[in-house]
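Below is one structure, written out as structure tokens; the observations come after it.
The values are calculated or read from the model by the stated rules, or taken from the named source; none is laboratory data. Fair warning: this is a prediction, and the values are worked out from it, not measured in the lab. Positions of Cβ are generated from backbone atoms using ideal geometry, with glycine treated the same way; all protein chains shown enter the neighbour counts.
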Amino acid sequence: MRRASGGVRHTSRLSNAPRTPHVAAVPRESTLAFSGFTSLIRLTMSAAIEVHELVKTFKRRAQPEVRAVDGLSFEVQRGAIFGLLGPNGAGKTTTIRILTTLAQPTSGRASIMGHDVARHPLEVRKRIGVVIQESAAELFLSVRDNLLTFARFYGVSGPAARQRAEGIMEEFGLAPEASRKAQDLSGGFRRRVQVAKMFMVDTPVMFLDEFSTGMDPILKRAVMERLRQEARKGRTIVLTTQIISEAEELCDEILIVNAGKQIARGDLNALKLLSAGVYELSLTFDKLPAGIEAELAARHPIRLHISGNTVEVALKEEEENVLRLVHELGQRGHVLRVEVSGASLEDIFVELTQRARGGSAE
Amino acid sequence: MLAMRISALLAVLNREMKIRATNLTFIFWDVAYPLAYLMVFGVAMEKAMGFTVPGVDVDYNAFFLAGVLGMASFAIASNTAWSFFMDRDNGIFYEMLTYPMSRGEYLFGKVLFNIVVALVQALITVVLAGLLLGIPLTLSRIPLLFAAVSLGTAGWFFFYAIFALKMRRNDAFNTVTSIFYFVFLFASSMFYPLDPLPPLFRIFGYANPITWHVDVLRYATIGLGDPGTILLESCAFIAFGLVAFRVAIHALRNQE
């Protein structure tokens, strides 16, 4: 869907039009230059989440100290969908755990709706709903009781809660399972229950750590649409995901972290500027030309994948070189299909994290 | 603020109650177990060994009644603390730590339902013990009995919670509880009076919080004990419970 055959085209976000007025988000170092003082004031005034120089270290016996979060600073505006991306062990979950009061920061500060997570954790908890990474359900309770029990913690009970639960179970395809205990459900259904609970309450901020794990594509799409609706209503949503396309579709702003550090932040377009000159090529031959893999590998691509007679490669090259390469490859065999597109978020992600690992980040 | 605190406690109570209510056998056993223990072990000891408790001049059933109530509180507390492992396995434990309640409310709420169970258990046990075994009860001290059952269940739960929250393996926790059962229960006044025992055993027994708890229960049920000593033991047990609560809160705050 994102690609068009037979021509160069710049990809754009699939999601609906921007949901909230959004200060141009670019790498942190450039914020002042781009947005100016007024925007910075507005950003600070309306931020649902503020994180400043956050550090979290872990000490393990007879092992060197690990800096899981290493000086992160960012803000998330009210009503925004904010994506926290990074490779495994990048510090995403630790950051979420600090913001949701599950862990104390070693230094720095963070606040949710103006309440400091370390000093006023209860005030923070009143304002957040959290889907943690692991599947969490009351296994001995029915699906309905899972929703009602959860809602009660947030002061939602009685007929209003029951009515709401019925609607949400319908929406999440859980109505036929309403009376079944969670322990009798599959992992995917349990995850559904876990995510569905978030819509039983109206906390202004929602954290979703790998929320779509185990969900089928149809439900995932429905949940993503529901998240957009919630954001339009003013709820702030922070999500972490390994599925880059989810972030690409959903997020107003994305923060890419690696080894606990910020390596890029901004909306999708701003991030693409960081990765200007990255192109994705996809060519399908009737017969794969000999030696093509080695030939393409010699160009040090960001990504190279060959499946059957289809070659997919992401390269950082001048546009004219890309066109020349397409032409050259076309000489090597009979091309059935060709696609060229600008960098996807995945390409940007890979490039930036690799660059950071190589020590040349920012 | 108070309304919020009560609603948080009730939310945890509601959750614990719903989970326990999914298995009626558990509830039956919760309620019947101390009486069953008394009817089997207590009656058997008295009939088979044919003794009254030396130095205190009551029959063994009457003496052991406070013992089974103390044992029941101890067992409920241990089972409730073990449920932290179940919650961890279900993944719900960490999610619950993000719910709008303080760590103290979480701990109190969790023990609240079990205090209710312990009170029902104690009431049924003392009434049926009086009717079936003819144990003479001091009815005016029933409020003291309820207070002792409630504080005892809470105190032992907070104590066990420290270990359940600090340990990551439930088999390790089971080992610890087995040791505690052995050490605390048998080196106490639960099954026998401490005075005739060897000096070292006696010192250990009097320093044992189970002894403090059981002595108060015994005073509340059959009126046995010196009021001054009982007051001292009550204060000591409350202090023990408060310290355990503080340490358990600390352990809960360090769940990283």
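State whether the residues of region A:152-167 include one that is in contact with a Pro (Cβ under 8 Å, 6 or more places away or on another chain) and buried (at least 19 other Cβ atoms within 10 Å of the Cβ).
Yes, because at least one residue in region A:152-167 is in contact with a Pro (Cβ under 8 Å, 6 or more places away or on another chain) and buried (at least 19 other Cβ atoms within 10 Å of the Cβ).
Find the helices (runs of 4 or more DSSP H) located wholly in region B:189-256 whose residues include 3 or more that are among the hydroxyl-bearing types (Ser, Thr, Tyr) and more than 14 Å from every other protein chain (Cβ to nearest Cβ), and list them.
Result: B:209-222.
Just checking, which of B:145, B:123 is touching a residue at least 40 places away in the same chain (Cβ under 8 Å), of a type in the set (A, V, I, L, M) and out of contact with any Pro (no Cβ under 9 Å at 6 or more places or on another chain)?
Testing whether each residue is touching a residue at least 40 places away in the same chain (Cβ under 8 Å), of a type in the set (A, V, I, L, M) and out of contact with any Pro (no Cβ under 9 Å at 6 or more places or on another chain) leaves just B:145.
Give the number of residues within region B:1-45 that are touching a helix residue (DSSP H, G or I) at 6+ places or on another chain (Cβ under 8 Å) and either modelled with pLDDT under 80 or more than 23 Å from residue A:137 (Cβ to Cβ) (or both).
Of the residues in region B:1-45, 16 are touching a helix residue (DSSP H, G or I) at 6+ places or on another chain (Cβ under 8 Å) and either modelled with pLDDT under 80 or more than 23 Å from residue A:137 (Cβ to Cβ) (or both).
What number goes with the only condition from (1) away from every other protein chain (no Cβ under 12 Å); (2) in contact (Cβ under 8 Å) with a residue 60 or more places away in the chain; (3) of a type outside the set (Ser, Thr, Tyr); (4) part of a loop (DSSP other than H, G, I, E, B) that residue A:133 does not pass?
(1)
What residue, of A:165, A:222, A:160, is of a type in the set (A, V, I, L, M) and modelled with pLDDT of 95 or more?
The match here is A:165.
Would you please name the residue that is nearest to the other protein chains (Cβ to nearest Cβ), looking only at residues in region A:139-155 that are aromatic (Phe, Trp, Tyr) and over 19 Å from residue A:187 (Cβ atoms)?
Taking the candidates together, the pick is A:153.
Could you list, in sequence order, all residues of region B:88-116 that are more than 9 Å from chain A (Cβ to nearest Cβ), buried (at least 21 other Cβ atoms within 10 Å of the Cβ) and more than 19 Å from residue B:5 (Cα to Cα)?
none
When you scan region B:130-166, how many residues do you find that are surrounded by fewer than 19 Cβ atoms within 10 Å (Cβ to Cβ) and assigned to a loop (DSSP other than H, G, I, E, B)?
Final tally of qualifying residues: 4.
If residue A:98 passes every condition in (1) within 25 Å of residue B:250 (Cβ to Cβ); (2) more than 10 Å from chain B (Cβ to nearest Cβ); (3) assigned to a helix (DSSP H, G or I); (4) more than 17 Å from the chain's Cα centre (by Cα) but one, which one does it miss?
Of everything listed in (1) within 25 Å of residue B:250 (Cβ to Cβ); (2) more than 10 Å from chain B (Cβ to nearest Cβ); (3) assigned to a helix (DSSP H, G or I); (4) more than 17 Å from the chain's Cα centre (by Cα), residue A:98 misses just condition (2).
Would you be able to say whether some residue in region B:136-144 is farther than 19 Å from residue B:26 by Cβ, small (Gly, Ala, Ser) and more than 14 Å from chain A (Cβ to nearest Cβ)?
Yes, that holds for at least one residue.
Condition test on residue A:189, is it under 20 Å from residue B:15 (Cα atoms) and either more than 14 Å from chain B (Cβ to nearest Cβ) or more than 15 Å from the chain's Cα centre (by Cα) (or both)?
Here the answer is no, as residue A:189 does not meet what is asked.
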